[in-house]
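Asker: Structure in structure tokens, see below.
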Amino acid sequence: MSDTPTNPFEQMLKQAQDMAKAMNPGLESFSPKGFETLWPTMPKEVMEMMFGNTVNKDGLDAKTRLLLTLAGLTCQGAQADAAVRQTVRHALEAGAKKQEIVETIGQMSVFAGIPAMSRALELAQEVMGDNEDEDQ
């Protein structure tokens with residue numbers, strides 16, 4: 001038996017991994033989830049200035065914009081794990097309660113389906129599970 005994958009996608013993936021390992025041995029253990037830690041959570045004031053109603057006084061605040069973003073990511077099937085987790089992290093920082101996050105994701109089950117909602121809830125729980133002592 002050969003260690004060479006027979007599936008063309010697996011072959012391409014193995015070739016890319018071998019190439020990355022040859023260029024930088026540290027990339028052998030690279031994890032996309034670890035890449036998330038390079039992007040810190042912005043303070044609420046910064047989010048409000050950039051995404052909130054600082055410029056548009058009658059516009060949406062940062063928390064609402066982030067909940068809408070979370071709804072959109074859920075409707076896309078919650079396939080962008082890092083984006084969902086980052087959005088939940090930022091929504092919490094912007095003042096969203098856990099219940100608001102859960103309701104936002106739950107509401108999307110009507111549009112995105114139960115599997116997408118379930119996946120988004122799993123990803124959100126990864127973030128919210130770290131903050132058990134905060135407000136519900």
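The values are calculated or read from the model by the stated rules, or taken from the named source; none is laboratory data. Keep in mind the model is a prediction, meaning the values are calculated, not measured. Using ideal geometry, Cβ is built from the backbone for each residue, glycine included, and neighbour counts are taken over all protein chains shown.
Asker: For the stretch 123-136, which residues satisfy the criterion of being at pLDDT below 90 and assigned to a helix (DSSP H, G or I)? Quick ask: steps written out before the conclusion?
Answerer: At the first step, the residues of the stretch 123-136 found to be at pLDDT below 90 are 129-136.
Within the stretch 123-136, Gly129, Asp130, Asn131 meet the criteria.
Asker: Quickly run through the stretch 86-98 and pick out the residues that are of a type outside the set (A, V, I, L, M) and under 23 Å from Met49 (Cβ atoms). Even if it seems obvious, please write down each step before you answer.
Answerer: Of the residues in the stretch 86-98, the ones of a type outside the set (A, V, I, L, M) are 86-87, 89-90, 93, 95, 97-98.
Matches in the stretch 86-98: Gln86, Thr87, Arg89, His90, Glu93, Gly95, Lys97.
Asker: Suppose we filter Ala116, Ala120, Ala91 for residues that are assigned to a helix (DSSP H, G or I), touching a Gly at 6+ places or on another chain (Cβ under 7 Å) and either more than 24 Å from Met47 (Cα to Cα) or not polar (S, T, N, Q) (or both); which single one remains?
Answerer: Testing whether each residue is assigned to a helix (DSSP H, G or I), touching a Gly at 6+ places or on another chain (Cβ under 7 Å) and either more than 24 Å from Met47 (Cα to Cα) or not polar (S, T, N, Q) (or both) leaves just Ala116.
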